[in-house]
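The values are calculated or read from the model by the stated rules, or taken from the named source; none is laboratory data. As the structure is a computational prediction, the values presented were derived from the model and not from experiment. In this analysis, Cβ positions are derived from the backbone assuming ideal geometry, glycine residues included, and neighbour counts consider all displayed protein chains.
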Amino acid sequence: MLNQRQQSLGAELRQAAKDSPNRTFLRMQGVEMTFWEVNDLSDKVASGLAAMGVKQGDNVSLMLPNCPEFVVVWFALSKLGAVAAPVNTSFRGQVLLSSIDLVESRLLIAHDSLAEQWQEQMSMFSTIRQVVLVGGETAQLAKGVMPYRSLSSMGAFSPVVSIAQPISSSDLCLLLYTSGTTGRSKAAMIPHRYVLAQADGVIEGLGLRDDDVLYCPYPLFHLDAAVMTVAPALRLRCIAAIGERFSVSRYWDEMRQFKATVFDFMGATLTMLWKQPRGPGDRDHHARLGWGVPMPSWAPEFEERFGCRLVELYGSTEVGTIIYTPQDEPPRKGACGRLAPQWEAQLHDGEGFPVPAGSVGELVVRPREPDVIMRGYYGMPNETLAAFRNQWFHTGDLLRQDADGYFYFVGRSKDIVRRRGENISSAEVEMGLETHPDVLEAAVFGVPSEMTEEDVMACVSLREGAKSSAEDLTNHCAQVMARFMVPRYIRLLSVLPKTPTDKVEKFKLSQIGITADTWDRERKN
């Protein structure tokens with residue numbers, strides 16, 4: 001049960017600054033900030049944002065890599081009652097434009113290192129009127145752009161002056177983007193209580209301690225880094241150690257440098273670490289626990305080699321983490337754990353009826369406490385109603401459950417591809433491919449990857465007389481979409497199979513999968 005004495009991120013940070021002012025809260029490359037320092041700086045930035053006109057309920061888009069400014073701005077906005085809407089830093093072109101326009105932000109806080117991506121869209125944003133630039137202190141700023149450093153010099157922050165009404169635990173503090181099946185990225189509306197309740201759930205589910213150093217090398221615009229690393233560290237008054245990005249060659253060196261005791265993994269990252277050459281430094285670290293998905297069959301060998309336990313769980317952006325592997329019981333092969341007590345769950349068939357025990361069904365969930373699940377998808381009432389139909393949230397994931405209450409992940413019913421920790425909308429990749437003048441239509445789906453999870457495959461039909469090769473299309477994709485979205489496999493077909501209503505029968509293409517004439521951009525054949 002969430003402690004009711006702290007109802008917002010800002011209030012929790014202020015309390016932490018009083019409780020443990022000199023304890024390190026944020027650890028990044030070359031940076032250590034105490035709870036007092038993060039609280040003080042976020043107060044100053046909140047004051048600057050308020051002076052710019054940011055008010056309670058406003059959405060503010062962030063386009064920032066992993067950096068201290070991301071965390072400070074998130075807390076500053078939460079103190080104002082405003083909402084942080086961080087976009088994937090790989091987004092560019094139409095995907096970036098539609099993602100920011102969706103949430104109707106008037107202010108963009110962006111990093112100078114990503115200037116090429118956001119500057120090329122500036123004249124086309126529907127609502128962005130101002131930009132705060134992080135980095136690039138010596139750059140000549142364009143009209144409407146101000147340096148981040150000036151935010152902290154606009155006077156003292158006063159909640160009485162800056163906030164019209166007290167911030168409630170049910171107020172929003174985050175808009176987290178999650179890919180859907182309709183071709184548009186959806187922004188999940190996340191209340192303060194969701195973040196703090198998730199933090200408490202992670203602490204309890206993983207047995208975290210106040211002397212832990214929680215390490216995450218994944219982007220702060222993802223659930224893992226912001227909600228499942230920074231927020232638990234805030235609640236425990238311990239250290240959140242955030243890496244710039246995942247690097248297999250630097251991973252253990254950074255773990256040692258940060259003195260990390262807990263780390264998370266996703267997708268192929270564990271496989272990459274496992275495939276590194278064995279060495280005398282394999283156990284030269286402080287890590288005691290790693291958590292994530294999916295759990296490979298060789299997990300026991302990984303635990304023996306690196307001297308730390310691996311724990312599987314289940315979650316999503318919309319609901320957070322709701323299923324944990326009990327740490328006081330032997331792990332069960334293939335199981336992602338039992339449902340946390342704050343939740344109800346069932347497995348449903350296609351008509352919404354519970355399936356028999358041991359059968360596969362779609363996981364549907366609902367909370368036992370208020371405001372610990374997303375509020376819905378911003379600006380998408382129809383998608384929200386579809387997700388919350390019949391008084392359950394429909395995850396789109398297929399699982400089964402055994403007689404002891406353990407859940408086993410089977411697959412995804414949604415038309416998304418899960419590649420190395422990223423949920424990729426097939427429709428968005430198809431739209432990117434179809435911007436090539438030679439492409440008539442495209443069908444994108446996931447195929448099994450040797451690195452676990454999936455790789456992106458596209459079947460493409462070219463217009464009559466077109467001469468473009470699969471390699472040409474791959475190069476085009478690299479120019480118009482995020483790197484992680486670019487298909488690994490492309491197969492050129494004269495026509496794509498269709499239903500009587502002229503919809504592509506993607507399941508047929510998926511069943512065929514990779515063929516001898518499929519282009520593989522990693523092997524270039």
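Each row is one residue, and each column tells you yes or no for (1) at pLDDT 95 or above; (2) more than 19 Å from the chain's Cα centre (by Cα).
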residue	(1), (2)
Ala51	no, yes
Asp58	yes, yes
Pro65	yes, no
Phe70	yes, no
Phe75	yes, no
Ala85	yes, no
Ser90	no, no
Glu104	yes, yes
Ile109	yes, no
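Right, Ala84: among the aliphatic types (A, V, I, L, M), within 18 Å of Phe221 (Cβ to Cβ), surrounded by 24 or more Cβ atoms within 10 Å (Cβ to Cβ) and in contact (Cβ under 8 Å) with a residue 40 or more places away in the chain or not? For Ala84, the condition - among the aliphatic types (A, V, I, L, M), within 18 Å of Phe221 (Cβ to Cβ), surrounded by 24 or more Cβ atoms within 10 Å (Cβ to Cβ) and in contact (Cβ under 8 Å) with a residue 40 or more places away in the chain - is met.
Here Glu304, Glu351, Glu344, Glu369 are screened, and the one residue that is in a helix (DSSP H, G or I) and surrounded by fewer than 20 Cβ atoms within 10 Å (Cβ to Cβ) is Glu304. Among the residues of segment 150-166, those that are surrounded by fewer than 21 Cβ atoms within 10 Å (Cβ to Cβ) and modelled with pLDDT of 75 or more comprise Ser150, Ser152, Ser153, Gln165, Pro166. Only a single criterion out of (1) modelled with pLDDT of 95 or more; (2) in a loop (DSSP other than H, G, I, E, B); (3) touching a Ser or Thr at 6+ places or on another chain (Cβ under 7 Å) is not satisfied by Ala240, namely (2). Based on what the data block shows, is Glu304 acidic (Asp, Glu) and without any contact (Cβ under 8 Å) to a residue 12 or more places away in the chain? Answer is yes for this residue. Kindly establish whether Ala46 is outside any loop (DSSP other than H, G, I, E, B) and touching a strand residue (DSSP E or B) at 6+ places or on another chain (Cβ under 8 Å). Answer is no for this residue. Of all the residues in segment 191-205, those that are hydrophobic (A, V, I, L, M, F, W, C) and surrounded by fewer than 23 Cβ atoms within 10 Å (Cβ to Cβ) number 1. Among the residues making up segment 466-504, those that are under 13 Å from Glu441 (Cα atoms), hydrophobic (A, V, I, L, M, F, W, C) and modelled with pLDDT of 95 or more are Leu473, Ile490, Leu492, Leu493. Of all residues in segment 89-132, those that are in contact with an Asp or Glu (Cβ under 7 Å, 6 or more places away or on another chain) and crowded, with 21+ Cβ neighbours inside 10 Å total 1. The single condition among (1) part of a strand (DSSP E or B); (2) touching a Leu at 6+ places or on another chain (Cβ under 7 Å); (3) surrounded by 18 or more Cβ atoms within 10 Å (Cβ to Cβ) that Val410 does not satisfy is (3). In segment 413-434, the count of residues that are within 24 Å of Leu273 (Cβ to Cβ), of a type in the set (Asp, Glu) and touching a residue at least 60 places away in the same chain (Cβ under 8 Å) is one or more.
Of the numbered criteria (1) in contact with a Cys (Cβ under 6 Å, 6 or more places away or on another chain); (2) free of Cβ contacts under 8 Å to residues at least 40 places away in the same chain, the one Glu329 fails is (1).
Can you work out which of the residues in segment 200-235 that are of a type outside the set (A, V, I, L, M, F, W, C) and in a helix (DSSP H, G or I) is nearest to Ser90 (Cα to Cα)?
Asp224
Considering only residues in segment 167-193 that are touching a helix residue (DSSP H, G or I) at 6+ places or on another chain (Cβ under 7 Å) and among the basic types (Lys, Arg), the one that is modelled with the highest pLDDT turns out to be Lys186.
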